[in-house]
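What follows draws every value from the coordinates through simple rules; no lab data is involved. Only a predicted model underlies this, so the values are computations on that prediction, with no experimental measurement involved. Methodologically, a virtual Cβ is constructed for each residue, glycine included, from the backbone with ideal geometry; neighbour enumeration extends over all protein chains shown.
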Amino acid sequence: MDSKKELLAYMVGVSLGDGNLSNPNKRAIRLRITCDNKYPKLIKHIIETLKTLFPKNKVSKINRITSTDISLYSNVLGKILDWKWDKGPKDLQNIKIPEWIKDNTKFTKECLRGLFQTDGSIYKDRDYLMINFVNTSPILVDDIYKLTKKLGYSPNIQKLKQSNGKIKHTIRISKDSQKFIKEINFWKK
């Protein structure tokens, strides 16, 4: 990676996907990223990224039955991620990708990689390679859709109302999916 700013853009994507903010000790904001245990390489990569970005802060790992929580405390997290720990779920806060990421193609690709690695999947449908991204935050989904189009892809969006009343948004990339995987360095292991 060329710079810490690229790592930061990646971490923003990961956090927007599978992260949450809290302040349990009332002293410092806690970022917790919850990862499925099916992806040990991703868990290790996220931990290494956080340690590089926050070398003076402790990065904790808590193993659960089917998932792993990765945690870090820092009072700069709210500013970096542009959402608040005390204002409810991310989708109700209308989280979005920060402008500094949208304005730089390298940062955009890193952020998209973090988002797709957490809330995305790669799969085959009738022998065609497909990529999905699923989230309930309409503004975040709109950002991802526009940035993916800006990179030259033709995503589509499907909406499904869930039993809890929230709308699940799915972005699907079916055309040029292999090219997209390579361009953003998308992997899930």
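Tell me what the chain gives for mean residue ellipticity at 222 nm when only DSSP H runs of n ≥ 4 count, each as -39,500 (n - 2.57), the sum divided by the residue total, rounded to 500 deg cm²/dmol. My calculation for the chain gives -11500 deg cm²/dmol from helical runs alone. Both numbers refer to the Cα atoms of region 4-100; Rg and Dmax are 12.8, 37 Å.
Its relative contact order, with pairs defined as Cα atoms under 8 Å and 6+ residues apart, puts region 104-184 at 31 percent.
In the set (1) 11; (2) 29; (3) 25, which value of percent of Cα pairs over 32 Å apart was calculated from the structure you see? Identified label for the calculated read-out: (1). Contact order for region 20-125, expressed relative to its length and based on alpha carbon pairs under 8 Å spaced 6+ residues apart, stands at 25 percent.
As a proxy for reagent exposure, M11, M130 were ordered by neighbouring Cβ count within 10 angstrom, fewest first; the result is M130, M11. Charging the Cβ of each Asp and Glu at -1 and of each Lys and Arg at +1, and nothing else, the dipole of the chain about its Cα centre rounds to 320 debye. By the count of other C-beta atoms within 10 Å, a proxy for reagent exposure, L16, L151 are ordered fewest to most as L151, L16.
Post the alpha-carbon centroid distance, region 97-154 to region 61-88, in whole angstrom. Centre-to-centre (Cα) distance: 21 Å.
Ordering 112-119, 168-175 by mean Cβ neighbour count within 10 Å, with the highest value first, yields 112-119, 168-175. Among V76, V141, V59, sorting on how many other beta-carbon atoms sit within 10 Å of each Cβ, with the fewest leading, yields V76, V59, V141. Membrane-span-like helices in the chain, defined purely by DSSP H runs whose alpha carbon atoms cover 27 Å or more axially and whose average Kyte-Doolittle hydropathy reaches -0.5, do not occur.
Between T66 and K84, the modelled labels are 3.3 nm apart [label points 7 Å from Cα along Cα→Cβ]. Think of region 104-184 as a dipole: +1 on every Lys or Arg Cβ, -1 on every Asp or Glu Cβ, centred on the Cα centre; then among N156, N104, T118, N156 lies furthest on the positive end. Summary value for the chain: 22 percent relative contact order, contacts being C-alpha pairs under 8 angstrom separated by 6+ residues.
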